[in-house]
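Derivation of every value follows stated rules applied to the coordinates shown; laboratory data play no part. The model shown is predicted, which means the values in this text are computed figures rather than measured ones. Backbone-built Cβ (ideal geometry, glycine too); neighbour counts: all protein chains shown.
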Amino acid sequence: MVVVFGFILGLLIGSFLNVVILRLPQNESIVYPASHCPKCKEPLKWWHNIPLLSWIVLRGRCYYCKEPISVQYPLVELTTALLFAIVFYKEDFTLQAFVIAALFSLLLALSIIDLYYKAVPDSLNLLAALLALFSSNDYLQNLQNATIVAGALAMLRFFVSYYVSKKEQLRLNKELKKAPWLKAYYPKFIMIEAMGEGDIIVGFVMGGLLGLKRAILALFLAALIALPASIYNRIYRSDAQLPFIPFLALGAFFSYLFGSTILEWINANSF
């Protein structure tokens, strides 16, 4: 019964997340105007807004203009519903369970926005950071873990950015030796950011939610999951920026579900 309740609650929250994902990056109100078709702007009736079911009944098209409705809408609703159902099954129906499920829902929204825009709204990121502090009753410990993970990521960002920037500077210097007249067209100082500030806030969320050990495991899993995409980008899309928040979110969720088991296995098989 708790799982069914969590699934239904997740569908409703997923429907609202779609509004957030669509409007927040455009600096639009998430409250007004009421839900409408993004193509013909016609206001939607209540039965057009039933999570998941409306998309199926309308066959993925607007009731008015018959334009296709993005599959993102039912996928976000279904994914959020599954997140809530899984968390409620694992934690039972508690306030902490709701906070944890809401956190993963926010990470889902941040992931999709990051995929679209390669940047995320600070308001959504900071809300997730705040909720992470209340994911368990030990608020001070949550804050300490969150701060340590965020600080470690900030330092990692500094070192990697410094290395990448210096490497690019050396490459440019070699080119300028061959063609010194191009010096005026190159920047005097090269600074390449290897990690976005949003990633560091997500690290804060992971630390507060998972604790130190499982957060470190989550970062490792995120890097592992991101590896094939990174290799593909390097070979086929050398100029493309790889959004990392989706991988951090996946790493966090897998660590939440299986982190304790994985860490126990590591401890049992370590020498």
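Pairs of lysines in the chain whose Cα atoms sit within less than 30 Å of one another amount to 23, provided the residues are eight or more positions apart or on different chains. What the Cβ-Cβ distance of TYR64 and TYR162 gives, at R0 = 41 Å and to the nearest 0.05, is a FRET efficiency of 0.15. Computed over the chain with a Gaussian network model linking Cα atoms closer than 10 Å, the most mobile of VAL19, VAL202, VAL31 is VAL31.
Applying 1/(1 + (r/R0)^6) with r as the Cβ-Cβ distance of ARG23 and ARG234 and R0 = 30 angstrom yields a FRET efficiency of 0.30.
The eigenvalues of the Cα gyration tensor, multiplied by 5 and square-rooted, give segment 1-93 an equivalent ellipsoid with semi-axes of 26, 15, 10 Å from largest to smallest. Helical content of the chain, expressed as a calculated mean residue ellipticity at 222 nm, amounts to -23500 deg cm²/dmol (DSSP H runs of 4 or more residues, -39,500 (n - 2.57) each, divided by residue number, nearest 500).
Close amide H pairs (under 5 Å, H built 1.01 Å from N) link HIS36 with LEU44, residues at least 5 positions away or on another chain.
Using 0.36 nm per residue and subtracting the Cα-Cα separation, the extra length available between LYS45 and LEU75 on full extension is 8.7 nm. One Cα centroid belongs to segment 55-100, the other to segment 206-271; the line between them spans 24 Å. Please find, in a Gaussian network model of the chain (springs between Cα atoms separated by less than 10 Å), the residue of LYS90, LYS174, LYS45 whose mean-square fluctuation is greatest. It is LYS174.
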